[in-house]
Amino acid sequence: MSGETWWKKRKKEAAGKIGDLIRRIRLRRRRKEKGNESGCGKEAEAPWENPFLAYSRQVMEAVLRRKGMDYRAFRPIVIDTDMPGQHFGEEDDVDQALAQMEQGLNFLEICTDRPQYFTDWKLRMEEEYGLIVRIVPKSGEEPLYGNMVLDFERNQPLHRELFSGDRIYLPFQKRRWEILKQEEIHAPEAGGSPDPAEAENTPEAAENKEKPKEDYLDINVPIGYNRLAVRVKKNDRS
């Protein structure tokens, strides 16, 4: 093989390797952009299990207070999990949340692809609480009337079409919930003004002052694209 032929071959091989490298870089960039568009971004790169599900009701009540509402005005839209077998033989995310929510609930819509799964629970709600549960498919063809979306999916993008008006969007697995340090609690990125339960001259504040800070968790909860700092009692998981 002549020196010129060898050089051309090496040049062709190098060009091929550079081309492969460029294609891989472009592919990673497209994947990253797709993740950002879905609202997940970096948080979607690593599997994550929400460790605060046991405080679901407390978080919902705290978010309602921050929005100037009480539980009687709570009209949740539950987006069912897309991984119903995540805990074999145990309750999934939706089961845990519904068990906490049911008492005092006046309205409920469930968007699901497994309506038969909720049949017994739906009947029990009607018998015990007189609650008529509306079950609709995930296809999005049915109108929704709730004021807070509780999204329990894991592998789908945020449902931007549900970010409308005063509706609150609370994703449980798609964006990370994080414990706040004391100095971060009132920072603007943590949700701005404090929970009414922490404000002065309220029954909640009077009760809180009697208990040490160690009895509480301050959680940075995602609300749509934003975040909100909420406080929950560690020993109250009902």
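The values are calculated or read from the model by the stated rules, or taken from the named source; none is laboratory data. Values in this document were obtained by computation on a predicted structure and should not be read as measured data. Cβ: placed from backbone, ideal geometry, glycine included. Neighbour counts: every protein chain shown. Each accessible area value is taken on the protein alone, full model and side chains, heavy atoms only, with ligands, DNA and RNA left out. Shrake-Rupley method; radii C 1.70, N 1.55, O 1.52, S 1.80 Å.
Taking the criterion of being over 22 Å from Val232 (Cα atoms), of a type in the set (D, E, K, R) and at pLDDT 95 or above, the only residue of the range 53-91 that qualifies is Asp80. Counting only residues that are closer than 17 Å to Thr119 by Cβ and open to solvent by 80 Å² or more (accessible area, probe 1.4 Å), the range 130-145 holds 1 of them. Candidates in the range 166-181 are the residues that are more than 16 Å from Asp82 (Cβ to Cβ) and of a type outside the set (A, V, I, L, M, F, W, C); of these, the one that is farthest from the chain's Cα centre (by Cα) is Lys181. Each residue in the range 142-165 was checked for being part of a loop (DSSP other than H, G, I, E, B), under 16 Å from Leu64 (Cα atoms) and either under 9 Å from the mean Cα position of the chain (by Cα) or free of Cβ contacts under 8 Å to residues at least 60 places away in the same chain (or both), and 1 of them qualify.
Scanning the range 101-141 for residues being without any contact (Cβ under 8 Å) to a residue 12 or more places away in the chain and either among the polar types (S, T, N, Q) or not in a helix (DSSP H, G or I) (or both) gives a total of 6. For the range 54-100, residues that are loosely packed, with under 15 Cβ neighbours inside 10 Å, assigned to a helix (DSSP H, G or I) and free of Cβ contacts under 8 Å to residues at least 60 places away in the same chain total 2.
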